[in-house]
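What follows is a short report on a single structure.
The values are calculated or read from the model by the stated rules, or taken from the named source; none is laboratory data. This one's a predicted model, so the numbers in the text were calculated from it and none came from an experiment. Don't worry about glycine lacking a Cβ; one is built from the backbone with ideal geometry, like all the others, and counts go over all protein chains shown.
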Amino acid sequence: MRILVLGGDGYLGWPTALHLSDCGHDVAVADNYARRGYDHEMGVQSLVPIEPMQVRVDAWREVSGKTIKSYYGDLVDGDFTTEMIRDFRPDTIVHFAEQRAAPYSMIDRKHAVYTQQNNVVGNLNVLFAIQEVDPEIHLVKLGTMGEYGTPNIDIEEGWLEVTHNGRSDRMLYPKKPGSFYHLSKVHDSHNIEFACRIWGLRATDLNQGVVYGQETPQTVRDPRLATRFDYDAIFGTVLNRFVIQAVLGHPLTVYGSGGQTRGAIDIRDTVECIRLASENPAAQGEFRVFNQITESFSVGEIAKVVANSFDGQVEVEHVDNPRVEQHEHYYNVKHTGLVELGLEPHLLSNTLIESLFGVAEAHKDRVDLGAMRPTVNWRTASSPLRTDS
Ligand code: NAD
């Protein structure tokens, strides 16, 4: 298959491109390197050094003999997006290329507007380009479990059978997202479903949980192939951040009571889910939704797992929650679609966490302690950024 990975320079896009290439697909990546720009803006960096795209693709050619074509451009530029798709002629487009940090979208008006413009307009341009170039292209779009929020009923895979006043219909599952970023993903889902219903496009929306881990069988083949490892309060995902705090001998900072429960997934399963969705496309006209998680944990449970796996003393500190979210709530998610396609999940294990401790230990001199304290407050319309730099 010819597969175009949008956002191919990112934490997940790069390892996904390598996995798909390793499985024999003809892969291209596209990125505008906005993510590297947010690092400069926020004064943070990936714990593990990452190479420029040209070095990455050259290194992959050296170790695998396979070529990954690279496009540089912004999806918000509709002409660029259409011409790139016309040039590469993919069978599948995997779309990771969005601003993906909830705290970033909650900094102030400018960051909220940027996030929604970048994500919603970029995704619309992809839909229009598919319609114009080849409506048979399968769109595999990364959504998030945060689109659903934490409703007091079971979370289905995208759709809900509703009976109201004696009549029934299959409706998009109602969404209660928790940030302007998560809202952008809800808007994307609606736009994609509309394009499938009206134009007959085919798409898979993957409502992914929080991803943890940093290594895949391909990225470990050469240090130049490493993907990013974010631990700061804006872009760091919670398990990765706890691992670094443990290695540094700092308390694990749990927001509020820690009862907030979320779906989670190992990065090795993320890349495999993308392969499975790509190789088993949605039918023409179908808007297919999978919940891409393998397990659910509360933040407090994740802190306990990290503390228990670490060979040393670890304290847990409860800090005021800067986010507005329920601390104790019902959470029961259906996630059978990807398993039915053949996913064999890697469940969170001590082995994985120990390997992450190794990654953190190897690069701990690069840690910037100030970057880990939360600065963005959901309750205000404008948050000050770092005060220590
Ligand atoms: P990331 O920020 O590391 O990667 C996204 C990439 O997209 C970056 O390289 C960025 O430069 C690029 N990009 C952003 N806007 C662009 C634009 N307009 N044009 C071209 N390129 C653009 O993020 P990630 O962690 O790899 O996440 C990838 C996707 O998966 C995102 O859509 C995110 O919402 C989703 N997701 C991630 C997680 C997670 O835990 N990391 C969880 C759920 C969903």
Tally time: how many residues in the stretch 103-145 are surrounded by fewer than 22 Cβ atoms within 10 Å (Cβ to Cβ) and small (Gly, Ala, Ser)?
-> 1
Apart from one, (1) in a strand (DSSP E or B); (2) free of Cβ contacts under 8 Å to residues at least 24 places away in the same chain; (3) among the basic types (Lys, Arg) all hold for LYS141; the odd one out is (2)
Select from the stretch 222-233 the residues that are touching a helix residue (DSSP H, G or I) at 6+ places or on another chain (Cβ under 7 Å) and within 11 Å of the ligand (Cβ to nearest atom) and write down the one among them that is farthest from SER179 (Cα to Cα).
-> THR227
Answer residue from the stretch 35-47, given it is surrounded by fewer than 21 Cβ atoms within 10 Å (Cβ to Cβ) and within 18 Å of the chain's Cα centre (by Cα) and is farthest from the ligand (Cβ to nearest atom) among those = GLN45
First in the stretch 35-55 and within 14 Å of HIS363 (Cβ to Cβ), second anywhere and within 12 Å of the ligand (Cβ to nearest atom) and assigned to a helix (DSSP H, G or I), Cβ under 9 Å, 6 or more apart | VAL44/TYR38; GLN45/ASP39; SER46/ASP39; LEU47/ASN240; ILE50/TRP14; ILE50/ARG36; ILE50/ARG56
Subset of the stretch 314-360 (residues that are assigned to a helix (DSSP H, G or I) and either surrounded by 15 or more Cβ atoms within 10 Å (Cβ to Cβ) or among the small types (Gly, Ala, Ser) (or both)) | GLY337, LEU338, LEU352, ILE353, SER355, LEU356, PHE357, GLY358, VAL359, ALA360
So which of GLU157, GLU147 is within 22 Å of the chain's Cα centre (by Cα), within 14 Å of the ligand (Cβ to nearest atom) and at pLDDT 95 or above?
-> GLU147
How about the stretch 58-92: which of its residues are more than 14 Å from the ligand (Cβ to nearest atom), surrounded by fewer than 18 Cβ atoms within 10 Å (Cβ to Cβ) and hydroxyl-bearing (Ser, Thr, Tyr)?
-> SER64, THR67
Conditions (1) farther than 23 Å from GLY337 by Cβ; (2) over 15 Å from the mean Cα position of the chain (by Cα); (3) part of a loop (DSSP other than H, G, I, E, B); number of the one not met by GLU136 = (1)
